[in-house]
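Chemist: My questions will all concern the structure given below.
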Amino acid sequence: MRHLTYFIACSIDGFIGDPDGDASSMFGFVDGDYLEFLKSEYPETVPVAGREALGIRDSPNKHFDTLIQGRASYRLALDAGITSPYGHLREYVASRSLEKAPDSGVEIIADDLVSRVRALKAEGDGLGIYLCGGSQIAGELLDEIDELVIKTYPQVYGSGMPMFGAGFAVTDFALDWVRTFGNGVVVRKYSRKR
């Protein structure tokens, strides 16, 4: 069984973006020993353009071979003229408004996201599934998430887009490890308690 991992950046107070979903204030923290950690431990989470710029274009995928993201996250790439931002992974975009993917390497999941994710998890071979973002998608998939990798940036937003756009539900996870970096970023990995 493959794992679904929500690999997400957030503020100290748990927001993944401002009220409109913009998280660009966090980009300034991707440097130094933290950048080296991302490059060496999670190279597949870096989009193709970033991999090229960082000299890790051919780095092997270590944790994930499949990506699921929401339409808003995918829209950022489309607005930049990039139709397959994670071409080194199988790419799925959860969207009810996109009728057809503008790239043959991207598949749109228009309905029954949970069933599609369960089918991907049931595939016997391969690496894990990277849930890239989308508060609403994370909320919809909360019962399917096996791991959390939370990159907490040293900022307080006060309000904004929460990590999980869902109703109240207590869901327990166990802490696997914590890494701290010189720029104030803290990365924590949790496994689902089942």
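Chemist: Identify all lysines with a Cα-Cα distance to K100 below 25 Å; exclude those on the same chain that are fewer than 8 residues away in sequence.
Modeler: Partners within reach: K121.
Chemist: Using a 7 Å offset from the Cα along the Cα-to-Cβ direction at both Q136 and T83, what is the distance between the two label points in nm, to one decimal?
Modeler: Here the modelled spin labels are 2.5 nm apart.
Chemist: Moving on to the next point. For the range 17-49 and the range 113-135, compute the distance between their C-alpha centroids and round to whole Å.
Modeler: Each part reduced to its Cα centre gives a spacing of 22 Å.
Chemist: What is the diffusion coefficient of the chain in µm²/s, taking the Kirkwood radius over Cα pairs and the Stokes-Einstein relation at 4 °C with a viscosity of 1.567 mPa s?
Modeler: 76
Chemist: What's the longest bit of the chain with no exposed GluC sites (Glu not before Pro), using DSSP loop states and at most 16 other Cβ atoms within 10 Å as the test?
Modeler: Between the exposed loop sites, the longest stretch runs 1-98.
Chemist: Further question on the same structure: Find the relative contact order for the chain and round it to a whole percent, using C-alpha pairs within less than 8 Å whose residues are 6+ positions apart.
Modeler: Computed value for the chain: 34 percent relative contact order.
Chemist: For the range 85-179, run through the trypsin sites (Lys or Arg not before Pro) and keep only the ones in DSSP coil with at most 12 other Cβ atoms within 10 Å of their Cβ.
Modeler: R96, K100
Chemist: Express in nm, to one decimal, how much length is gained between K100 and E36 on full extension, taking 0.36 nm for each residue of separation and deducting their alpha carbon distance.
Modeler: 19.4 nm
Chemist: Taking a virtual spin label 7 Å from the Cα of T171 along the C-beta vector, which residues in the range 84-128 bring their backbone nitrogen under 17 Å of it?
Modeler: Of the residues in the range 84-128, 94, 112-122 have backbone N under 17 Å from the label point off T171.
Bear in mind that the values in this text are calculations on the coordinates, not laboratory data. Predicted model only: the values in this text are computed from it and were never measured. Every residue, glycine as well, gets a Cβ built from its backbone with ideal geometry; the counts of neighbours run over all protein chains shown.
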